[in-house]
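A.B. asks: Please see the structure below; I have some questions.
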């Protein structure tokens, strides 16, 4: 099933190539060339996914990402020419679900879009309860002690995996396989970023977590508070 996609890319020729590849997959594509237009297009069309070039004139892609993430849980993929991993992690920390490094092939980008969309459209399941934490895959909602917690789609996917089997230790490779399938687009560092952000939102003190624990040398597990 086709999705609504906003492509924000200041290179007009590159944006047109991306548009044509995404339309071949049946998606409805809106193309814009700067950050302000990207925000306006996302607000107007309620897209399923936004592709954001990081280095755009005016409002840059990371700023756009933070603005959109504060307003919705739309899937966001950032496009960046930066190859340093720490720079790439800035996009995830801003709320992006994935990133693609330039130069990339349009075919690779289209495949990455399909992967992110599949993840965001998983079949609904019953609410998962771990202590005072509730994870609702049907509504894509999380509540802690009855209070809603806003998560990005990527963070939600990681938390849902942990919540399905409380107490089980998941390796980083297992998290990568769950969140991105067999394609392996995540790295162990990006898994760590998702966990770090989850701790900021779910723990009283992210530096001394009580729910989302590290099992050194193995991976992570989710437990009920005090377990």
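Values quoted throughout were computed directly from the atomic coordinates according to the rules given, and no laboratory measurement underlies them. Since this is a predicted model, take the numbers as computed values, not measurements.
A.B. asks: Two decimals is fine: what is log10 I(q)/I(0) at q = 0.08, 0.09, 0.15, 0.17 Å⁻¹ for the chain, from a Debye sum with one equal scatterer on every Cα and no solvent?
C.D. replies: -0.29, -0.36, -0.98, -1.21
A.B. asks: Rounded to the nearest 500, what is the chain's calculated 222 nm mean residue ellipticity when only DSSP H runs of at least 4 contribute -39500 (n - 2.57) each, over all residues?
C.D. replies: The per-residue figure over the chain is -13000 deg cm²/dmol.
A.B. asks: Considering only the chain, what is the antiparallel percent among its DSSP beta bridges, to the nearest 5?
C.D. replies: 45
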